[in-house]
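A.B. asks: Let me give you the structure first, and then I'll get to my questions.
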Amino acid sequence: MTESPSIFVMIVGFLLVLGPLVTVHELGHYLVGRWCGVKATAFSIGFGKELFGWTDRRGTRWKLSALPLGGYVQFAGDMNPASQPSEEWLALPEKERAQTFQAQPLWQRALIVAAGPFTNFAVAVAILAAFNFAYGKMVVPPVIGAVAERSAAAEAGLAPGDRIAAVDGKAVTSFDDLRNRVVPNPGANMVLTVTRGERTFDVPFRVPEVVERDRFGNEFRIGRLGVASVTGRLQDVGPVEAVTLGVRQTGDIVVMMVQGIGQIVTGRRSVEELGGPIKIAKYSGEQLTLGWRAFAYFVALISINLAFINLLPIPALDGGHLAFYAVEAVRRKPLGQQSQEWAFRTGMALVLALMLFVTINDLISLPIFGS
């Protein structure tokens with residue numbers, strides 16, 4: 001029997017996840033912009049019509065808007081989508097123009113744009129580091145403790161006591177390393193380098209695909225080798241190591257995201273696995289019912305997702321602006337305003353089309369449609 005949180009819990013969970021993460025993302029842009037001497041005219045959580053807000057002594061309008069699916073910081077002089085100088089910008093008094101986004105050197109503009117996604121990465125690292133510091137880390141060597149009958153491991157001839165030294169030539173130092181290589185890659189062909197006593201040999205195998213369901217009925221396609229680890233030990237970590245582990249764990253999650261996108265592009269995974277706001281709301285409510293630890297970890301995952309998506313080199317996203325700045329650094333001059341505006345419109349159309357697709361995907365997956 002599956003459990004489903006109420007619509008109210010989903011909405012609360014969604015707001016508790018997306019609201020703070022969008023806020024810190026935009027604060028990253030805002031604070032680095034201020035540090036660079038750029039004036040912000042508006043800071044909005046949500047898009048569309050303003051619900052309420054106030055104007056601070058620096059002239060920034062802080063507001064909450066009607067559509068809670070993102071947010072933005074509008075810097076002084078940001079008068080067109082491509083953030084390029086215009087006749088209106090050139091007409092500003094010199095003192096005002098010096099406080100605009102376009103007046104800043106290339107490296108500062110890139111820093112302001114990159115600050116949002118990297119603030120989301122920092123939030124995820126902070127959450128994971130806090131878990132590491134509070135609960136320690138489980139140290140489990142990459143040694144097989146048991147082999148399931150009729151599993152891929154059994155068919156490959158693996159046995160208890162075998163140590164996995166590498167996967168596809170990449171060293172494995174813990175059982176988590178092995179799990180992180182196998183679980184996200186159902187159907188992949190891999191080669192394990194195994195040490196048994198004094199002998200080291202390679203074991204080729206194909207990762208079987210397994211469909212697992214959680215208590216809420218959500219399905220997950222994973223790879224399973226069919227081995228269990230030996231007993232590990234819990235080890236306390238200091239603050240520095242906790243942060244180092246948090247950075248590594250964040251990097252591992254980004255790698256899995258890249259692998260997932262690659263698998264969707266190559267057809268190894270279905271596009272039905274893509275999710276949008278409705279699915280995020282559903283998962284948010286589910287994780288909220290599981291307690292604060294599960295919910296905090298979910299917030300870290302979504303924060304990494306927001307950072308990763310925003311860094312994609314698509315015009316209209318932060319990554320698109322950074323791509324333009326990279327071109328500008330190479331050419332020693334920016335692309336033409338018309339070229340950037342066309343790229344921005346194309347990127348915006350792509351983003352809107354993707355949002356529409358994943359929203360339809362989310363709706364189809366709901367129980368009322370028989371999924």
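A.B. asks: Kindly list the number of the only condition in (1) farther than 25 Å from Ala148 by Cβ; (2) at pLDDT below 85 that fails for Asn218.
C.D. replies: The number of the failed condition is (1).
A.B. asks: Is there a residue being touching a helix residue (DSSP H, G or I) at 6+ places or on another chain (Cβ under 7 Å), surrounded by fewer than 20 Cβ atoms within 10 Å (Cβ to Cβ) and farther than 16 Å from Asp318 by Cβ anywhere in the stretch 46-68?
C.D. replies: yes
A.B. asks: From Glu273, Glu328, Glu341, which residue is modelled with pLDDT under 80 and within 29 Å of Leu106 (Cα to Cα)?
C.D. replies: Matching residue, one of Glu273, Glu328, Glu341: Glu341.
A.B. asks: If you don't mind, another one. Let me spell it out: the conditions are (1) of a type outside the set (Phe, Trp, Tyr); (2) surrounded by 15 or more Cβ atoms within 10 Å (Cβ to Cβ); (3) assigned by TED's automatic domain parsing to the domain that holds Val17, and Arg269 meets all of them except one. Which number is the exception?
C.D. replies: (3)
A.B. asks: Also, I was wondering about something else. Could you give me the residue pairs with C-beta distances under 6 Å whose first residue belongs to the stretch 35-52 and is assigned by TED's automatic domain parsing to the domain that holds Gln99 and more than 13 Å from Gln74 (Cβ to Cβ), whose second residue is in a loop (DSSP other than H, G, I, E, B) and of a type outside the set (D, E, K, R) wherever it lies, and which are 6+ apart or on separate chains?
C.D. replies: Sorted first by the residue in the stretch 35-52, then by its partner, the pairs are Cys36/Gln104.
A.B. asks: Could you list, in sequence order, all residues of the stretch 266-286 that are in a helix (DSSP H, G or I) and touching a strand residue (DSSP E or B) at 6+ places or on another chain (Cβ under 8 Å)?
C.D. replies: Glu273, Pro277, listed by residue number.
A.B. asks: Turning to a different aspect of this structure: Scan the stretch 189-202 residue by residue and report those that are in contact with an Asp or Glu (Cβ under 9 Å, 6 or more places away or on another chain) and in contact (Cβ under 8 Å) with a residue 24 or more places away in the chain.
C.D. replies: Val191, Leu192, Thr193, Val194, Thr195, Arg196
A.B. asks: Moving on. Looking at Gln259, Gln263 in this structure, which one is in a helix (DSSP H, G or I) and closer than 30 Å to Gly136 by Cα? It would help to see each step written out before you state the result.
C.D. replies: On the way: Gln263 fails: closer than 30 Å to Gly136 by Cα.
One residue alone meets the criteria, Gln259.
The values are calculated or read from the model by the stated rules, or taken from the named source; none is laboratory data. All of these numbers come straight from a predicted model, not from anything done at the bench. Cβ coordinates were reconstructed from backbone atoms using ideal geometry, including for glycine residues, and neighbour counts include every protein chain displayed.
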